[in-house]
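In what follows, a structure is listed as structure tokens, so that the remarks can point back to it.
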Ligand code: FES
Ligand SMILES: [Fe+2]
């Protein structure tokens, strides 16, 4: 039977125009949960070091399904659906915890081992030989559901799919080096926070892949020379464009001149920072990369903006809302001065960030602009209509088209389940 998604018409060539309906339709939202988040995609769940010892746990979501990442007695990390087999209560109510012997549901006190096996049922034999569970109740059949989980560079992902490729292959050869470069060291979490946005999760994932807007919407970024389209850089894509990296390398005199010549509003020499230490930086990476924003389909981001390192996860919260979670990172080897630089630079990102605050509102504006017109569509043709890496320009929307390739592959059953 044709579903709401199957009836959607994609105008244009493949992914060069996106129907507005896809940002608002509750049925499409439900189908995404099944076909992407409970389908062939790998979802980021947390960092290995957030659960260093057996019995340590941290909760999160795969799509809109609550999950808990817990380190087992054997030292391996389990990702379990955070739901009691009895009547569906959340088992872990707190966001995180340490050193648990087992997981206990507060509702009727059923308990589970750290790998999700049902360990005990309160009053299983009743009281005074009255009540209790039927004799044939089989404890071994009623654990918490355990998802397939794997780690790469200390990042833990989970998938519902038994047949999806390994996480290593899913991230792929083109994408792995940047993940390792940014977070594949002895990392430490400097802080975490999350922000709610009044827009569909895909509008944020388009924004994060949108190298075209960076120096136009974010005046701070362009004014203070953090990233301009005229810097050296480019776009890398994984196979079929599911994942992307937009990167730039240093500021040069040439790009300074070009920006001035273009008279973009971003250049305004009236503006000076009262405290220039905000953008103090050091040359952390030998490759010279000063900015790299990487997305792993469907909703995960690895960020390097100067020395500001972070990972982000954009969780769907209904058709017209999402929650963006941030892990701001440093390394165990940072000197106190380097740590201070990272903390100061973190003012550039996050919900009130000098660079990223605009991203927190623009999705909501698009949501408002589009929700009434289900049969109209965006234009996504900057840099062409196809999905090819862009070696020398970021004045392109190719990475967004890549996202939609991944989306259509999942929604239309072209990716293994
Ligand atoms: S719902 Fe968990 S013990 Fe009843
Ligand atoms: Fe942005």
Task: Scope the range 324-357; condition within 24 Å of residue 64 (Cα to Cα) and surrounded by fewer than 17 Cβ atoms within 10 Å (Cβ to Cβ); matching residues - done: 351
TODO: Inspect all residues belonging to the range 305-317 and state whether any of them is surrounded by 17 or more Cβ atoms within 10 Å (Cβ to Cβ), over 18 Å from the mean Cα position of the chain (by Cα) and modelled with pLDDT under 95.
DONE: yes
Task: Sole residue being modelled with pLDDT under 95, more than 16 Å from ligand 1 (Cβ to nearest atom), touching a helix residue (DSSP H, G or I) at 6+ places or on another chain (Cβ under 6 Å) and farther than 19 Å from residue 306 by Cβ, chosen from 209, 228, 240 - done: 240
- [ ] Please go through the range 120-136 and pick out each residue that is surrounded by 12 or more Cβ atoms within 10 Å (Cβ to Cβ) and away from ligand 1 (no atom under 13 Å from the Cβ).
- [x] 125, 132
- [ ] Go through the range 86-102 and give me each residue that's surrounded by 12 or more Cβ atoms within 10 Å (Cβ to Cβ) and within 10 Å of ligand 1 (Cβ to nearest atom).
- [x] 86, 89, 90, 91
Task: Single condition residue 117 does not satisfy, out of (1) farther than 30 Å from residue 312 by Cβ; (2) surrounded by 17 or more Cβ atoms within 10 Å (Cβ to Cβ) - done: (2)
Open item on the list: Can you confirm whether residue 291 is at pLDDT 95 or above, under 26 Å from the mean Cα position of the chain (by Cα) and surrounded by 13 or more Cβ atoms within 10 Å (Cβ to Cβ)?
Closed with: no
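For (1) within 21 Å of the chain's Cα centre (by Cα); (2) within 25 Å of residue 327 (Cβ to Cβ), each residue gets a yes or a no:
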| site | (1), (2) |
| --- | --- |
| 8 | no, no |
| 24 | yes, no |
| 34 | yes, no |
| 48 | yes, yes |
- [ ] Read through the list (1) at pLDDT below 95; (2) more than 16 Å from ligand 1 (Cβ to nearest atom), then give the number of the only condition that residue 164 fails.
- [x] (1)
TODO: Check 401, 385, 374, 394 and return the single one that is part of a loop (DSSP other than H, G, I, E, B) and either without any contact (Cβ under 8 Å) to a residue 40 or more places away in the chain or under 20 Å from residue 28 (Cβ atoms) (or both).
DONE: 374
- [ ] Test residue 341 against the stated conditions and say whether it is in a loop (DSSP other than H, G, I, E, B) and in contact (Cβ under 8 Å) with a residue 12 or more places away in the chain.
- [x] no
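The values are calculated or read from the model by the stated rules, or taken from the named source; none is laboratory data. From a predicted model like this one, the values you see are computed outputs, not experimental measurements. Please note: Cβ atoms are built from the backbone with ideal geometry, for glycine as well, and neighbour counts cover all protein chains shown.
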